[in-house]
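Read-outs: derived from the displayed coordinates by stated rules, not from any lab. No experiment lies behind these values; they were computed from the predicted model shown. Every residue, glycine among them, receives a Cβ derived from its backbone with ideal geometry; neighbour counts consider all protein chains shown.
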Amino acid sequence: MPFTSHLEELRSRLIRCTLAIGVAFLICFQFADEIFFALAEPLRRLQIADLTLIGTAVTEAFFTKMKISFFAAIICALPVLLWQGWQFVGPGLYEHEKRYTRSFVFFGSFLFLAGVAFCYGIVLQKGLAFLLQRYQALQVQPAIQVGNYLSLVMRLVVAFGVMFQLPVVTFFLARVGLVDHRLLIHYFGYAVIGMAIISAILTPPDLISQILLMIPLSLLYGVSIGVAYVAGKKNGL
C-alpha cells in the first residue's frame, strides 16, 4: 500500500475507535453514579474514622461524572480498539500471522481486565491503607479531594491493565522475529531496573504500591520468556 493509503486506513480505524468509545461513553454515562461508588469502595472499606471525599469546585461533580464515563468507556471499548489496531497492522503480516487476530483480541482484553481486577482488589486496598493511615499517626482528619482520588485510581487501574499486556506484546514481537527467549533472559537484570523505574513513575510515592506493581510485572516477564520460547519454536528458532 502507498503511504497515502496507509494514512487513509489509519483515519478509518481511528474513526471506528472513536465511534466505539462514543457509544460506550453514552452507555456508561447512564451508570456513572454506580461506577463512582464502585471506585470509591476501596476507600470506604478502610473504615478510617472521619475519612470523607470532598468536592472543592462548583463544576467538579459534573466533570467527575464525565471523567468516570470516559474512563469506563475506554475499558468497555477495549476489544474493539484492539481489533482495529490489529486490523491496521494486518496488511503487513503473513497469512499465518493473521490467524492470531482473535487470540490477540481475546488475550489482550483478558489480561487487561486481569490487571484491572488485580489493581482494584489488591493494590488499591493495600496502597490506600498504607498512605491514609499516616494521617492517623499525625492525628489529622483526612478529607480527600474527589478529583485527585479518582485521578489516582484511574491512573493505577490503566497502568496495571497496560502492564498486563506484556505477554501478548512479547508473543507478537517473537513471532515477527524481533525478540526471543534468549534475549529476554540476557536482559533480565536491565528489565528489573526498568520495571522498578516504571513502578515508581506510575504508582503513588510509597514502597507498598511500587512492590505490588513490581511483583506481577516480574511474574509477567517470566511468563513472557515462556511465551517467546513457544513462539520461537513455532518459527523454528
Subject >> Additional length obtainable on full extension of the chain from Phe106 to Gln133, 0.36 nm per residue less Cα span >> reply: 5.8 nm
Original post:
Modelled label-to-label distance, Arg16 and Ala117, 7 Å Cα→beta-carbon offset: nm?
Top reply: 2.8
Original post:
Which ³J(HN,Hα) values in Hz, rounded to whole numbers, follow from the phi angles of the stretch 154-167 under the Karplus curve 6.51 cos²θ - 1.76 cosθ + 1.60, where θ = phi - 60° and Gly and Pro get x?
Top reply: 5, 5, 5, 4, 5, 4, 5, x, 5, 5, 6, 7, 3, x
Original post:
Once amide H atoms are placed 1.01 Å from N in the peptide plane, what residues at a sequence separation of 5 or more from Gln145, or on another chain, have their amide H within under 5 Å of its amide H?
Top reply: Ile54
**OP:** Would you mind getting me the FRET efficiency between Tyr190 and Val23? Use the beta-carbon distance for r and R0 = 30 Å, nearest 0.05.
**Re:** 0.10
Subject >> Simple spin-label estimate for Arg45 and Gln87 in nanometres, 7 Å along Cα-Cβ >> reply: 3.8
Original post:
Rounded if a/c is under 1.5, else prolate if a/b beats b/c, else oblate: with a ≥ b ≥ c from the C-alpha gyration tensor eigenvalues square-rooted, which is the stretch 118-198?
Top reply: prolate
Original post:
For Leu51, which sequence-distant residues (separation of 5 or more, or a different chain) have an amide H within less than 5 Å of its own amide H, given hydrogens modelled in the peptide plane?
Top reply: none
Original post:
When the Karplus curve 6.51 cos²θ - 1.76 cosθ + 1.60 is applied with θ = phi - 60°, which whole-Hz ³J(HN,Hα) does each residue of the stretch 139-148 get, with x for Gly and Pro?
Top reply: 6, 10, 7, x, 10, 8, 6, 4, x, 5
**OP:** For the chain, state what percent of all Cα-Cα pairs lands in each successive 5 Å bin, counting from 0 Å until the bin that includes the largest distance.
**Re:** 1, 6, 11, 14, 15, 15, 13, 10, 7, 4, 2, 1, 0, 0
